[in-house]
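Just so you know, all these numbers are worked out from the coordinates, no wet-lab data involved. Quick caveat, the model's predicted, so the values are computed rather than measured. Here Cβ is always computed from backbone atoms with ideal geometry, including for glycine, and neighbour counts include all displayed protein chains.
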2 protein chains.
Amino acid sequence: MARAIDEGLLAAARLFAGIGGAELHRIAEMARLVSRPAGGEFFSQGDPATAFFLLVEGRARIVQITSDGQQVTLRYIAPGEVFGAVPLFSGGPWPATALAVVDSTAARWSREATDRLTAQYPVILANALAIVGERVREIEDRYRELATERVEQRVAHALLHLANVTEKSPAGAEIDFPISRQDIAELTGTTLHTVSRILSAWEQQGVIESRRMHVRILRPEGVRAIAAEARPEGRSRL
Amino acid sequence: MARAIDEGLLAAARLFAGIGGAELHRIAEMARLVSRPAGGEFFSQGDPATAFFLLVEGRARIVQITSDGQQVTLRYIAPGEVFGAVPLFSGGPWPATALAVVDSTAARWSREATDRLTAQYPVILANALAIVGERVREIEDRYRELATERVEQRVAHALLHLANVTEKSPAGAEIDFPISRQDIAELTGTTLHTVSRILSAWEQQGVIESRRMHVRILRPEGVRAIAAEARPEGRSRL
DNA sequence: CGGTAATTTGATCCTCGTCAACCTGAGTGG
DNA sequence: CCACTCAGGTTGACGAGGATCAAATTACCG
């Protein structure tokens with residue numbers, strides 16, 4: 001359980017940009033590795049925030065649960081990404097729950113360790129600010145999508161994002177972790193039924209291929225076209 | 001135009017928490033006051049980010065404009081609040097436009113001033129982190145609302161927020177700046193028609209009172225009840 | 001091979017967006 | 001001071017987009 005933390009990962013993490021090897025070693029020593037099986041929690045909405053995490057291996061998702069039990073997925077976390085840091089800096093309890101999507105391991109710095117960290121390496125504060133700023137922008141973009149786009153477009157955007165499809169990805173890409181229709185629905189603000197219908201249609205058209213808990217993008221162009229699709233423009237149907 | 005900046009406002013601003021009077025004076029001197037008439041812009045989506053602002057007087061709103069011209073309002077800014085700071089710390093152009101809702105004045109610190117500021121007063125970095133963290137939480141909450149609630153509930157939440165209705169506001173409250181049905185629609189992800197119908201109904205019920213560009217909450221309880229209203233038939237799982 | 005979770009698919013319902021028309025009141029200029 | 005103008009607001013009619021309800025069907029697991 002208490003294996004060593006891969007310092008290569010820390011060196012690549014944006015949070016520790018500008019910090020040298022020797023210091024990284026000490027930073028690594030201040031963390032504890034925590035592992036969770038698929039479905040396990042790193043922290044739970046409402047609990048007091050006592051640490052921040054950096055995902056080492058696996059995949060995590062941050063979900064909010066409403067009072068009536070609906071789940072909304074705020075983001076997916078890939079290895080090297082920081083999560084759970086916001087409430088450490090701005091106070092309050094965890095605003096959401098962090099779930100392991102597959103068996104996962106994260107480095108965990110306690111609040112005390114975090115205080116020492118930021119005192120010794122002020123550049124971490126600046127890095128954290130940049131990361132959180134980036135997060136604001138992403139969430140604002142998702143918010144705009146939710147407010148202005150139809151479900152089909154939002155699902156298309158989500159797939160492109162989850163499969164890491166960039167500008168130039170002529171070949172196909174696939175989501176490299178298990179994901180259900182329900183998961184996609186919680187990420188895009190719709191229901192699993194609608195997601196199922198949409199994916200079935202796309203599979204018919206040959207732009208994607210999907211099996212249980214699995215989606216592969218065959219024609220990124222096609223998906224991108226759907227994502228960009230404008231509203232029925234002008235007065236069309238009558 | 002180049003009046004002195006009210007240092008009392010700076011002292012009260014969360015960004016400068018922990019900074020003493022003498023230093024505040026120097027910080028104030030690093031800023032320039034900029035005024036905009038109602039409808040004017042402090043900065044515009046897509047332009048390079050060259051400064052951050054603190055609203056001194058008036059009211060501003062941050063809007064994103066989609067490629068097909070729809071507007072989405074991300075937030076309203078009250079005096080004492082910082083805006084436009086995120087891209088200074090995480091790079092990139094302005095992700096949105098800042099509009100003056102009424103004739104407004106803001107203090108503006110250039111990028112160079114900001115660099116000196118954070119170098120001389122590192123506590124500003126920590127304060128900025130807390131502020132941006134708070135913003136993340138707010139947007140995430142709005143996102144969850146948009147994903148899970150019906151229009152009527154979202155409008156109710158928005159009115160309570162805009163009118164500064166807190167837990168204990170037995171008396172009425174009102175939105176103290178001009179706001180149209182269209183503005184409320186852009187804030188809640190709906191259309192002015194739907195907002196108009198909703199406000200008309202509420203006025204019938206006597207929970208609010210509204211005139212052109214103006215909304216007053218008569219019975220906060222009533223509005224809060226609507227905001228909390230569960231979907232017909234609670235099927236609360238979990 | 002059952003058993004269960006994920007998925008598909010049909011049928012129906014309902015919220016809310018769209019279209020259209022009209023009303024209202026605050027300026028504005030003659 | 002009044003007719004004009006026009007942005008803001010109201011209201012009705014209609015139906016598209018999805019949510020909801022209801023079964024099946026399929027895939028994986030022990």
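Of note:
- Between helix A:192-205 and chain A: long-axis angle, C-alpha atoms, 0 to 90°, nearest 10: 60
- Taking every C-alpha pair closer than 8 Å and separated by at least 6 residues, the mean separation divided by the residue count of chain B gives a relative contact order of 18 percent.
- Pairwise label distance in nanometres, A:HIS193 with A:ARG212, each label 7 Å out on the Cα-Cβ vector: 2.3
- Hz values of 3J(HN,Hα) by residue in the range A:207-213 - Karplus curve (6.51, -1.76, 1.60), Gly and Pro given as x: 7, 9, 9, 8, 10, 4, 6
- Tensor-based shape of the protein assembly as shown (alpha-carbon gyration tensor, a/c under 1.5 rounded, otherwise prolate or oblate): oblate
- Relative contact order %, the range B:1-125, counting alpha carbon pairs below 8 Å whose residues are six or more apart: 34
- The angle separating the long axis of helix B:151-162 from the principal Cα axis of greatest extent in chain B is about 40 degrees.
- Shielding of B:144-153 by partner chains, average beta-carbon count, 10 Å: 5
- The order of the peptides A:161-168, B:93-100 by mean Cβ neighbours within 10 Å, most packed first, is B:93-100, A:161-168.
- Between A:GLU229 and B:ALA78, the distance separating the two model label sites (each 7 Å from Cα on the Cα→Cβ line) works out to 4.2 nm.
- In the protein assembly as shown, the DSSP-assigned H stretches of four residues or longer account for a calculated mean residue ellipticity at 222 nm of -12500 deg cm²/dmol, using -39500 (n - 2.57) per stretch and the full residue count as denominator.
- Anisotropy class of the range B:149-228 from Cα gyration tensor, a/c 1.5 cut: rounded
- Among A:ARG197, A:ARG216, A:ARG14, residue whose mean-square fluctuation peaks in a GNM of chain A (springs only between Cα atoms under 10 Å): A:ARG197
- The distance between label points at B:VAL123 and A:HIS161 comes to 3.7 nm (points 7 Å beyond Cα on the Cα→Cβ vector).
- A Förster radius of 60 Å, combined with the Cβ-Cβ distance separating A:ARG14 from B:SER200, puts the computed FRET efficiency at roughly 0.75.
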